[in-house]
1. Any chance you could list P(r) for region 36-116, counting all Cα-Cα pairs in 10 angstrom bins from zero, rounded to whole %?
2. Could you sort 222-234, 159-171, 65-77 so that the peptide with the highest average Cβ count within 10 Å comes first and the rest follow in order?
3. Could you give the length gained by full extension between Lys231 and Ala120, i.e. 0.36 nm per residue of separation minus their alpha carbon distance, to one decimal place?
4. I'd like the antiparallel share, as a percent to the nearest 5, of DSSP beta bridges with both residues in the chain.
5. Kirkwood Rh over alpha-carbon pairs of region 14-152, then Stokes-Einstein at 10 °C and 1.306 mPa s: what D in µm² s⁻¹, rounded to an integer?
6. What would the Debye formula give as log10 I(q)/I(0) at q = 0.26 Å⁻¹ for the alpha-carbon point model of region 85-139, no solvent?
7. Bin width 10 Å, alpha-carbon pairs only: give the P(r) of the chain as whole percents, running from 0 to the bin holding the largest distance.
8. Eigenvalues of the Cα gyration tensor times 5, then square-rooted: what semi-axes does that give for region 196-240, in whole angstrom, largest first?
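Computed from the coordinates by the stated procedures, all read-outs in this text should not be read as laboratory data. Keep in mind that what you see is a predicted model, and the values were worked out from it rather than measured. Here the Cβ positions follow ideal geometry from the backbone for every residue, glycine too, while neighbour counts run over all protein chains shown.
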Amino acid sequence: MISKSLYTLQFKTKQNFEENLIYFKNLILECESDSIILAPEVALTNFCYQRMEEASEFAKEATETLLKLSSEKTIITTMIEKYKNGFYNNLKVFHRGELLHKQSKSKLFPLGNEHLHFQAGNIEEISPFIIDGIKCGAINCFELRFIELWQKLKGCDLIFVPAQWAKERKDHFQTLTKALAITTQSFVVASNSTNDSMDGGSAIITPFGYATQDDSQEIIGLKANFNDVAKVRKFIDIGL
């Protein structure tokens, strides 16, 4: 039996990048060792379109800090990084003190003008990776709306969805993340910001579609039994 403590974080991001990193670090330290922790999309900086160069430089410091913090934990978040002449929204997985996986957001949210400030990533970067024997995958916020991206994560046992999802569409976020868990028969860890224009809704959802969530908490945890993945795929066989 593989069991693992999963955590999703939901918190506000301030204007001060350093303060955000310290706050994030303290939340991480509250989580158990040998756990997997997901933070919201661009949790350290927000979509700071007037400070993109600064955010990209800060990502270097944040990366070094998260590498150290990941010695006994796995940490997933996204950050703004510059490559050549463009900025990318990079999802990064820190594990055992190393960068295990990175993918750039491929579907940019036009309503938020992301396409005016970011370069789109290569969709082929959305691919499975392994954490302690668990087959994992990730999709970043707006990418959740594209069913063809769910297909790329077919067979994963655990899927991460960091987000900055507006409160007006909170029901969409909760519905889609639960549907993702049921359709892929996997655990889904979804993390949304609690900034003023957001509204939480973060959750850890089992392959059976049961959600652990609490909008009054910044840390939501679940001890996941990955036998549940094999169990649901055996009794509700859809070819996974």
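1. Binned Cα distances yield the sequence 18, 53, 25, 4.
2. Numbers: 222-234: 16.5, 159-171: 21.1, 65-77: 19.2.
Final packing ranking: 159-171, 65-77, 222-234.
3. Numbers: separation 111, 0.36 × 111 = 39.96 nm, distance 3.73 nm.
Gain in length upon complete extension: 36.2 nm.
4. Values: 32 of 48 bridges.
Antiparallel bridges: around 65 percent, rounded to the nearest 5.
5. Details: Rh = 15.5 Å.
In µm²/s, the coefficient rounds to 103.
6. For region 85-139, the Cα-only Debye profile gives -1.02.
7. Each 10 Å bin holds this share of Cα pairs: 8, 36, 39, 15, 2, 0.
8. Working: eigenvalues 159, 28, 8 Å².
They are 28, 12, 6 Å, listed from largest to smallest.
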